Amino acid sequence: MKTYAKHSISKEEIDEVVNQLKIGSLSRGPIIKKFEKELESYLSSYAVTCSSGSSALEIALRAADIGIGDEVIVPNISWSATATSVSMVGATPVFCDISKDYPNISFKDFEKKISNRVKAVIPVHFGGVSVNLKKLAKICRPKNIIIIEDACHAFGGRYEDDSLIGSSKLSYAACFSFHPAKSITTGEGGLLSTQNKSVYKKILSIRSSGINRKIENGFQKYLYDCVDLGSNFHMTTLSAAIGLCQLKKVNKFILKRKILWQRYYDNLKKISSFMLFHHKKNSSFNLCLGFAKQRKKLTQLLIKNNVGVSFHYPEIRLLSIYKKKLKPSINTKNKFPNSYNYKKNAITLPLYPDLKIKEIDFISKLIISFYKKK
């Protein structure tokens with residue numbers, strides 16, 4: 001079965017992991033700091049690695065002192081952690097519709113959802129396509145709403161001004177994922193970037209269980225204090241070893257994704273019943289998202305031919321955790337027409353650096369033949 005996503009690992013990554021195993025460095029080793037320094041150089045921002053993109057979101061919210069009584073606006077279409085990270089810190093997610101043309105946050109609906117309880121917004125750079133951060137900041141600043149970027153799909157992607165996602169001064173922090181389906185992978189892992197030094201120090205503390213280690217006469221092992229409510233969100237040295245190798249390849253990976261996506265687009269652009277959501281030229285091209293009529297039957301055909309399709313994502317507000325267990329925001333009962341239309345028709349096609357042109361042509365022919373028979 002051809003999966004929708006697949007990591008690209010070479011002998012270089014394997015050798016680096018073996019080297020860490022041989023030297024006996026599995027946790028908190030110097031290679032993690034080395035990886036963070038390389039990330040800081042790449043993004044021109046402070047960078048803190050962590051265990052996942054989900055933990056990155058929770059760390060950012062905790063660092064911003066968001067908690068009980070606060071509300072955070074999140075898009076209704078995203079991975080569940082965009083909202084559950086808000087719930088994990090005791091705050092309440094306010095669900096916002098997506099735009100009609102692309103599944104990024106709807107600015108029109110966002111403005112409707114703002115109340116005096118809203119302390120932050122988490123825009124998602126969905127599939128690698130950046131949200132217009134300048135436009136969002138213009139709305140947020142007068143109301144003292146901070147921006148925490150969910151950039152889990154977007155490492156290596158760029159904003160509209162062509163600067164790297166994660167390097168902006170307009171947001172409080174940007175949160176990335178290094179899951180195997182992303183631009184680069186560390187197995188499991190995440191990253192926070194920020195331009196603010198005080199935010200950086202707070203993130204470091206929360207990432208490390210809120211521990212502040214004291215040093216007396218060069219001795220620190222047992223002398224420490226707990227100053228923040230955090231957890232052990234550390235990345236392993238094995239993950240950092242993989243990440244260092246992957247970082248060198250990020251531009252090559254994204255270029256390959258772009259070429260492959262363009263092949264899909266050229267093959268399918270004349271099919272009226274199937275539309276690819278368009279990527280901007282500076283996207284990280286993390287996902288190949290389609291809008292398909294008769295999606296269920298098309299999906300069955302693709303799976304029958306060993307094409308692993310996926311779906312990103314259901315409406316978060318309709319997940320059982322928010323329908324049955326957690327009290328929804330007062331704004332959650334509003335209509336979400338774009339989310340509804342998207343979830344009914346969206347499909348994710350395979351897209352990853354090692355995918356072959358001939359494989360894309362095969363998938364495209366299946367789609368074309370499906371609609372020609374209708």
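Whether any residue in region 303-315 is assigned to a loop (DSSP other than H, G, I, E, B), under 23 Å from ILE271 (Cα atoms), assigned by TED's automatic domain parsing to the domain that holds ILE259 and among the polar types (S, T, N, Q) is what I want to check. Yes: region 303-315 contains one or more residues that are assigned to a loop (DSSP other than H, G, I, E, B), under 23 Å from ILE271 (Cα atoms), assigned by TED's automatic domain parsing to the domain that holds ILE259 and among the polar types (S, T, N, Q).
Take SER87 and decide whether it is within 27 Å of ILE145 (Cβ to Cβ) and of a type in the set (Gly, Ala, Ser). Please lay out each step first, then the result.
Working: within 27 Å of ILE145 (Cβ to Cβ): yes; of a type in the set (Gly, Ala, Ser): yes.
In short, yes.
Among the candidates TYR322, TYR313, TYR264, the residue that is farther than 30 Å from SER87 by Cα, touching a residue at least 24 places away in the same chain (Cβ under 8 Å), surrounded by 18 or more Cβ atoms within 10 Å (Cβ to Cβ) and touching a helix residue (DSSP H, G or I) at 6+ places or on another chain (Cβ under 9 Å) is uniquely TYR264.
Checking each residue in region 155-172 for being part of a loop (DSSP other than H, G, I, E, B) and within 23 Å of CYS288 (Cβ to Cβ) picks out PHE155, GLY156, GLY157, TYR159, GLU160, ASP162, ILE165, GLY166. Of all the criteria given as (1) at pLDDT 95 or above; (2) in a helix (DSSP H, G or I), the one not satisfied by LYS323 is (1).
Select from region 15-51 the residues that are assigned to a helix (DSSP H, G or I), β-branched (Val, Ile, Thr) and under 14 Å from HIS234 (Cβ atoms) and list them in ascending order.
Pass one, region 15-51, residues assigned to a helix (DSSP H, G or I): 15-23, 30-43.
With β-branched (Val, Ile, Thr) added as a condition, the list becomes 17-18, 23, 31-32.
Within region 15-51, ILE31, ILE32 meet the criteria.
In region 198-207, is there at least one residue being farther than 25 Å from PRO353 by Cβ, among the aromatic types (Phe, Trp, Tyr) and at pLDDT below 95?
Within region 198-207, not a single residue is farther than 25 Å from PRO353 by Cβ, among the aromatic types (Phe, Trp, Tyr) and at pLDDT below 95.
Within region 212-235, is even one residue of a type in the set (Val, Ile, Thr) and assigned by TED's automatic domain parsing to the domain that holds ILE32? Yes, there is a match, as at least one residue in region 212-235 is of a type in the set (Val, Ile, Thr) and assigned by TED's automatic domain parsing to the domain that holds ILE32.
For ALA173, are the conditions met, namely being within 26 Å of PHE277 (Cα to Cα) and either at pLDDT below 95 or among the small types (Gly, Ala, Ser) (or both)?
Values: within 26 Å of PHE277 (Cα to Cα): no; either at pLDDT below 95 or among the small types (Gly, Ala, Ser) (or both): yes.
Here the answer is no, as ALA173 does not meet what is asked.
Of all residues in region 8-51, those satisfying the criterion of being on the phi > 0 side of the Ramachandran plot and either modelled with pLDDT under 95 or surrounded by 15 or more Cβ atoms within 10 Å (Cβ to Cβ) (or both) are GLY24, ARG28. Under the condition of being closer than 21 Å to ASN282 by Cα and in contact with a Lys or Arg (Cβ under 8 Å, 6 or more places away or on another chain), the residues counted in region 129-158 number 5.
Residues in region 250-284 that are aromatic (Phe, Trp, Tyr) and either more than 23 Å from the chain's Cα centre (by Cα) or part of a helix (DSSP H, G or I) (or both): PHE253, TRP261, TYR264, TYR265, PHE274. Do we find that CYS152 is closer than 18 Å to PHE253 by Cβ, within 12 Å of the chain's Cα centre (by Cα), outside any helix (DSSP H, G or I) and modelled with pLDDT of 95 or more in this structure? Yes; evaluated as a whole, the condition is true for this residue. If you check GLY243 against the conditions, is it at pLDDT below 95 and either in contact with a helix residue (DSSP H, G or I) (Cβ under 8 Å, 6 or more places away or on another chain) or surrounded by 21 or more Cβ atoms within 10 Å (Cβ to Cβ) (or both)? So GLY243 does not fit the description; no. Does region 14-30 contain at least one residue that is under 30 Å from PRO350 (Cβ atoms), more than 19 Å from the chain's Cα centre (by Cα) and in contact (Cβ under 8 Å) with a residue 40 or more places away in the chain? So far as region 14-30 goes, yes, one or more of its residues are under 30 Å from PRO350 (Cβ atoms), more than 19 Å from the chain's Cα centre (by Cα) and in contact (Cβ under 8 Å) with a residue 40 or more places away in the chain.
The values are calculated or read from the model by the stated rules, or taken from the named source; none is laboratory data. Remember, predicted model here, so these are calculated numbers, not experimental data. Quick reminder, even Gly has a Cβ in these numbers, built from the backbone with ideal geometry, and neighbours come from all protein chains shown.
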